[in-house]
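Written below as structure tokens is the structure these notes are about.
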Amino acid sequence: MKKNNNMFKYLLAIAACILAAPTWAEYGGHFSANMGTATKYMHRGLKQSDADIVFHGGVDYTGPMGVYGGVWGYTGSIEDLDTTEVNAYAGAAYSFNSVSLGFGVIHYERGADHKSATRNAEYNINVSWDAYRLSSYQDEASKDQYHELAANYALWGDAGLAISAGLAQPDGSQDEDRHYAIGFVKAMPSNVDFEVTLSRHDGKGNSLILGLSRQFAF
């Protein structure tokens, strides 16, 4: 079995944070968690793992004054951490009437077999109004940028539709990669969501992703 010491230490730190969640909750805010599986993991239109099935999960904290934080990760094999990715993020969001403004930072930690860099961080700013959101991401080290326009609509019953269009600009150059996605989400009993997403990337073509996830509240 391959070893990835950095990833292993990162996962241990996250596990410690999760175990401490009930204590943190005493100081205000609340925790939630999620776990699920999908036929593949796509990030901005690009497939990130060769695994046919991936498992994912995360923990989120929402605190006073709009502060939030969390961790999320996925793996293509529970026996090989080199196929794993874990993300930690934090930020704050503030609402002004019907408009919300947020900013944050995301740190990515990836296994050695990952198709992207094994470690990087990026800053983001988000503006949302009603069902619409505009987000911009800037890599901390490089000049890579990503901009996304997204919308979420409620359908019949407990179903919803998520639509997004993204624009990637590697190294801040004039080169552009476009990504589009449309997803159908249906809430099922026991806080389980079923999702079907059709994704298209200018350079990689179309992808169909099926997924199941479950939400938990502390």
message = Whether any residue in segment 196-216 is modelled with pLDDT under 90 and of a type in the set (Lys, Arg) is what I want to check.
response = yes
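What number of residues within segment 136-175 satisfy the criterion of being under 18 Å from Ala121 (Cα atoms) and not aliphatic (A, V, I, L, M)?
Step one: filter segment 136-175 for residues under 18 Å from Ala121 (Cα atoms), giving 136-148, 168-172.
If we keep only those that are not aliphatic (A, V, I, L, M) too, we end up with 136-140, 142-148, 169-172.
Looking only at that region, the number is 16.
Quick check on my filter: what residues within segment 110-126 are at pLDDT below 85 and assigned to a strand (DSSP E or B)?
Our first condition is that a residue be at pLDDT below 85; within segment 110-126, this holds for 110-119.
If the condition is that a residue be at pLDDT below 85 and assigned to a strand (DSSP E or B), then Arg110, Arg119 are the ones that fit.
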query = Taking segment 202-218 only, how many residues are more than 19 Å from Gln48 (Cβ to Cβ) and either part of a loop (DSSP other than H, G, I, E, B) or out of contact with any strand residue (DSSP E or B) (no Cβ under 8 Å at 6 or more places or on another chain) (or both)?
reply = 1
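Filter segment 144-166 down to residues that are within 17 Å of the chain's Cα centre (by Cα) and among the hydrophobic types (A, V, I, L, M, F, W, C) and give me whichever is nearest to Leu134 (Cα to Cα).
Residues of segment 144-166 that are within 17 Å of the chain's Cα centre (by Cα), as a first pass: 145-152, 162-166.
Then drop every residue that is not among the hydrophobic types (A, V, I, L, M, F, W, C), which leaves 149-151, 162-163, 165.
On the way: Leu149: 5, Ala150: 7, Ala151: 9, Ala162: 14, Ile163: 12, Ala165: 10 Å.
Among them, the one singled out is Leu149.
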key: Qualifying residues in segment 35-67 (those that are closer than 26 Å to Tyr94 by Cα and more than 14 Å from the chain's Cα centre (by Cα)) - the one surrounded by the most Cβ atoms within 10 Å (Cβ to Cβ)   = Tyr61
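The values are calculated or read from the model by the stated rules, or taken from the named source; none is laboratory data. Here the structure is a predicted model, which is why all the values come from computation and not from measurement. Virtual Cβ from ideal backbone geometry, glycine too; neighbours counted across all protein chains shown.
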